[in-house]
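Working notes, structure below.
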Amino acid sequence: MTTTAPVSLVTGANRGIGRETARQLAALGHTVLLCARRPEDAEQAAADLAAGVPGTLSPRRLDVTEADGVRALVRDVEEEFGRLDVLVNNAAVDYDTARYAASVDLDEVRRTLETNLFGAWRTAQAFLPLLRRSAHPRLVNVSSESGSLEHMAGGTPAYGVSKAALNALTRKLADELRAEGILVNAVCPGWIATDMGGPGGGPVERGAASVVWAATLPDSGPTGGFFRHGEPLAW
């Protein structure tokens, strides 16, 4: 399939910030690969969002913890589009507010890291060859200020450490890929009222807009940064 529209892939896009990010990118005319662990969830989200957007929402099964599944999707995207313009690593688990670093079960931490860090890392590595074929490649890691070392406190140990590690990965990738013109940034959407964020947060549209901002930066835009609503955050 040949398309002149930007091709974007969003992981964990069947709900919350990922879903709204997919919708906003499609509203900008992107062809969006809306990914979820269960194909029926991806299909339902794509169907729900399709009306009224000029772009295309294409549901895809993707569990970022499964290397074979990631590689299979890379092959599909290569065959259909020959490139990837935007990768949004949004999939995340375990906002462990009731846990503490002094006592948390390390098996739980390991499971969180498998999705929040290694899942994003695995997906980035796998799709890099297709991002390199894009004229304007963008890689966005959806992070959290709970991963900021400057502001870090106790609690949410698995989630906070996983996001701090994701921020470190962002810096590594940005520096390594800078000369190739691949812009790599981390984005904290802020406290958003989603299933993970809970009630009381801001509107999901505002959180997703932060992600879309990083996904659609001009070639002269920043790389290797940590942002919320387009403004730098402390690492």
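Considering every residue within segment 5-15, establish whether at least one is modelled with pLDDT of 95 or more, in a helix (DSSP H, G or I), under 18 Å from Leu139 (Cβ atoms) and not aliphatic (A, V, I, L, M).
Taking every residue of segment 5-15 in turn, none turns out to be modelled with pLDDT of 95 or more, in a helix (DSSP H, G or I), under 18 Å from Leu139 (Cβ atoms) and not aliphatic (A, V, I, L, M).
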Are any residues in segment 212-235 aliphatic (A, V, I, L, M) and under 19 Å from Gly16 (Cβ atoms), and if so, which ones? Val212, Ala214, Ala215
So for segment 46-65 (the condition being crowded, with 20+ Cβ neighbours inside 10 Å and closer than 21 Å to Lys172 by Cβ), does at least one residue qualify? yes
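Please determine, by comparing only the residues of segment 76-98 that are of a type in the set (Val, Ile, Thr) and part of a strand (DSSP E or B), which one is nearest to Gly154 (Cα to Cα).
So the first thing to find is which residues in segment 76-98 are of a type in the set (Val, Ile, Thr), and the list is 77, 86, 88, 93, 97.
Keeping just the survivors that are part of a strand (DSSP E or B) gives 86, 88.
Working: Val86: 34, Val88: 28 Å.
Per the criteria, the residue is Val88.
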Restrict the check to segment 128-137 and report whether at least one residue is touching a residue at least 40 places away in the same chain (Cβ under 8 Å), part of a loop (DSSP other than H, G, I, E, B) and among the hydroxyl-bearing types (Ser, Thr, Tyr). yes
Which ones in segment 25-55 are over 14 Å from the mean Cα position of the chain (by Cα), in contact (Cβ under 8 Å) with a residue 40 or more places away in the chain and assigned to a helix (DSSP H, G or I)? none
Flagged pairs (Cβ under 9 angstrom, 6 or more apart or on separate chains; first in segment 212-229, in contact (Cβ under 8 Å) with a residue 24 or more places away in the chain and in a strand (DSSP E or B); second surrounded by fewer than 15 Cβ atoms within 10 Å (Cβ to Cβ) and of a type outside the set (Gly, Ala, Ser)) are Phe226/Pro232
The one condition in (1) within 26 Å of Asp68 (Cβ to Cβ); (2) buried (at least 20 other Cβ atoms within 10 Å of the Cβ); (3) not aliphatic (A, V, I, L, M) that Gly160 fails to fulfil: (1)
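Just checking, which of Asp63, Asp68 is of a type in the set (Asp, Glu) and assigned to a helix (DSSP H, G or I)? Please lay out each step first, then the result.
Values: Asp63 fails: assigned to a helix (DSSP H, G or I).
Just one listed residue meets the conditions, Asp68.
Leu73: in a helix (DSSP H, G or I), under 19 Å from the mean Cα position of the chain (by Cα) and closer than 20 Å to Pro129 by Cα, yes or no? Break it down into steps so the answer makes sense when it comes.
Values: in a helix (DSSP H, G or I): yes; under 19 Å from the mean Cα position of the chain (by Cα): yes; closer than 20 Å to Pro129 by Cα: yes.
Yes, satisfied.
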Given the conditions (1) under 22 Å from Phe81 (Cα atoms); (2) free of Cβ contacts under 8 Å to residues at least 40 places away in the same chain; (3) hydroxyl-bearing (Ser, Thr, Tyr), every one holds for Ser146 apart from (1)
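In this structure, does Asn141 turn out to be free of Cβ contacts under 8 Å to residues at least 60 places away in the same chain, crowded, with 24+ Cβ neighbours inside 10 Å and touching an Asp or Glu at 6+ places or on another chain (Cβ under 8 Å)?
Numbers: free of Cβ contacts under 8 Å to residues at least 60 places away in the same chain: yes; crowded, with 24+ Cβ neighbours inside 10 Å: yes; touching an Asp or Glu at 6+ places or on another chain (Cβ under 8 Å): no.
No.
The values are calculated or read from the model by the stated rules, or taken from the named source; none is laboratory data. Being a predicted model, the structure only gives us computed values, none of them experimental. Counting neighbours? That spans all protein chains shown, and the Cβs are built from the backbone with ideal geometry, glycine included.
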